[in-house]
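I have placed the structure first, in the form of structure tokens, so that the comments after it can refer back to it.
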Amino acid sequence: MIAFAMMAGALLLYSSLFPSRPQGPPRRPTLAVTETGTTPAAPRERATPEATATGTEGRPDRRVFGTAHAGSATQPQVFDLPDYRAVIDPVGGRITSWVLKRFTDAAEQRADIVPSAVSGLLVASILTGGEDLDLSRTVFDVTTHAVGAPQGLTLTSRDTTGVDVRLDYEFPGSGSYSARLRILVGSAASDNRASFLRLSFPQGVAHLERDPKYDRQAAAGVALIGTRTVKHAFGGKQGFGFGSGGGDKGWSEDAEGVVHWAGVRSKYFLAAIMPRGAESEQPGVDGRVGIRRGAGEGYIRTEVLLPLNLSGPTEYVVDLYAGPMDYAELARFKVGLEKARDLGWRWIVPFCKLLIKFFEWVHRAVPNYGLCIIILSVLVKLVFYPLSRKSVESMRDMQRLKPEMERLSEKFKDDPQKKNQATLELYKKHKVNPLGGCLPIVVQMPVFIALYNVLNSAVELRKAPFFLWIGDLSAPDRVGAVAGLPIHMMPLIMAGTMVWQQKLTPAAGDPQQQKMMPIMMPIMMLFFFYTMPSGLVLYWTT
């Protein structure tokens, strides 16, 4: 325990001496396909019509769809929906802005989930005959939807070889963080080699938290392929849950199968696509998902490859979601998108779902999430009160038998087997279960773990105030600093209540341990909880 306390102290000291510095916006590379996969190319600003036709150095650098011509609409198209405001750039057909109206970023401005207007949120390209047909610099012809139809626009372009591409965006009129994209590609094969439509999130989603480390630690590429949920975090497959894993080496993971959805996430927000066949409208299509992070890059990108017909047009319908990881909102799509939210081990998930429903029900009656946490904690303690009481009674029974057990230890100190037999007979005579003190705690652990997982990922707690100095239940409750060390009140209150509770708890065993436990355990928990969100500390304190 001393070793644990020293390690926690070293971590706390390191974080105070070397605080994480807010990073500027990431580099904005475009993507180029090579024989070894996707690699970052040199940064490039928004394409102009001249660059579209001739490339950045006055000569064609790659095969490009479409050319600028008189009458081409290059002004961004704005769609103002109840929950978000989307901007579509006719150059590349990119989503250059997706502002969530009910959320704010670190600067308290409306949160834009798009990390870079240059690369956009979702990028489409075509791989045919081993060649990358670049759409990012294509100037599309724009047709807005007629009055009375769903809001949206249709973008069309034709390659110099006669291949047609149509992107049809539809935005719902009701409250939702989703849109629908219909993609039609004409015969894209220049030879008999396979052709694919590639949809990618080139730079993940924007980091919106005050402390960027929370987004980096939770950032991941996620997908549901068949029945398998794939999650690769910042450090790669083996680094899930550890934001610094993998260092600057970079990594790449690929999987094939029926793609139900794929995307990228931060701590509280998700951008994902859900492809389906245009004719069957059934969710899920055969494809390949790649999740990767380039060496030195501070973001994760996810791409989906969908096969194109070798002869004749191919059409896909893709539902796009870009918003908070609200469990009910994600479950509404009925494709398992709610699995993108991390609720822990599979056997814990049912408890988490039950607690999420209960948490939502309590909040309908009590609008303050801090009070909801207290009420939920108290109700859980009441439900498990019989087990807790049984645990305390068992510890008291063991304490009463302590003199008898010490006498048996002295009597049979040279014969452990007889000592164990005599101890069991003593338990049987006084009807004491030696495991009675810990079994009730073990039974409660799934609920405690589920509560921890739910509160740790609850977007509802993001920037939700409680009272007095606690203005954000999703962040530590900092009230000041001493010599650069931040002062968080809730962990100190938690440690104080633990000391008080330990002194009230009947103890049995080694007297030296009885003297150390009331101090060592609170100190260790103080270090573990010191930088955790105040909502979690409030739950544990209660």
From the list 285, 289, pick out the single residue that is in contact with a strand residue (DSSP E or B) (Cβ under 6 Å, 6 or more places away or on another chain) and open to solvent by less than 10 Å² (accessible area, probe 1.4 Å).
-> 289
Condition set open to solvent by less than 20 Å² (accessible area, probe 1.4 Å) and closer than 14 Å to residue 325 by Cβ, scope the range 219-233, selection modelled with the lowest pLDDT: answer is 219
Is it the case that the range 399-420 has a residue that's in a helix (DSSP H, G or I), among the hydroxyl-bearing types (Ser, Thr, Tyr), at pLDDT 80 or above and in contact with a Ser or Thr (Cβ under 8 Å, 6 or more places away or on another chain)?
-> no
Has the range 443-456 got any residue that is modelled with pLDDT of 80 or more, loosely packed, with under 14 Cβ neighbours inside 10 Å, touching a helix residue (DSSP H, G or I) at 6+ places or on another chain (Cβ under 7 Å) and over 23 Å from residue 9 (Cα atoms)?
-> no
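Here's the yes/no breakdown for (1) of a type in the set (A, V, I, L, M, F, W, C); (2) part of a strand (DSSP E or B); (3) open to solvent by 20 Å² or more (accessible area, probe 1.4 Å):
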| residue | (1), (2), (3) |
| --- | --- |
| 256 | no, yes, yes |
| 271 | yes, yes, no |
| 275 | no, yes, no |
| 279 | no, no, yes |
| 298 | no, no, yes |
Report yes if residue 123 is at pLDDT 75 or above and aliphatic (A, V, I, L, M), otherwise no.
-> yes
Of all the residues that make up the range 316-347, how many are surrounded by 15 or more Cβ atoms within 10 Å (Cβ to Cβ) and either out of contact with any Asp or Glu (no Cβ under 8 Å at 6 or more places or on another chain) or in a loop (DSSP other than H, G, I, E, B) (or both)?
-> 21
Pairs, first hydroxyl-bearing (Ser, Thr, Tyr) in the range 314-341, second assigned to a loop (DSSP other than H, G, I, E, B) and surrounded by fewer than 19 Cβ atoms within 10 Å (Cβ to Cβ), C-beta under 9 Å, six or more apart | 314/186; 314/187; 314/278; 316/278; 321/176; 321/333
Answer with yes or no whether residue 493 is at negative phi, at pLDDT 85 or above and either surrounded by 18 or more Cβ atoms within 10 Å (Cβ to Cβ) or not in a helix (DSSP H, G or I) (or both).
-> no
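Condition check ((1) under 21 Å from residue 171 (Cα atoms); (2) in contact with an Asp or Glu (Cβ under 8 Å, 6 or more places away or on another chain); (3) surrounded by 20 or more Cβ atoms within 10 Å (Cβ to Cβ)) across all residues:
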residue	(1), (2), (3)
75	yes, no, no
79	yes, no, no
83	yes, no, no
93	yes, no, yes
103	yes, no, yes
107	no, no, no
110	yes, no, no
125	no, yes, yes
Residue under evaluation residue 459, criteria (1) touching a strand residue (DSSP E or B) at 6+ places or on another chain (Cβ under 9 Å); (2) modelled with pLDDT under 85, criterion not met = (2)
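The values are calculated or read from the model by the stated rules, or taken from the named source; none is laboratory data. Please read these numbers as outputs of a predicted model, since none were measured by experiment. All Cβ positions, glycine included, derive from the backbone under ideal geometry; neighbour counts span all protein chains shown. The accessibility values were calculated without ligands, DNA or RNA, using every heavy atom of the protein model including side chains. Shrake-Rupley method; radii C 1.70, N 1.55, O 1.52, S 1.80 Å.
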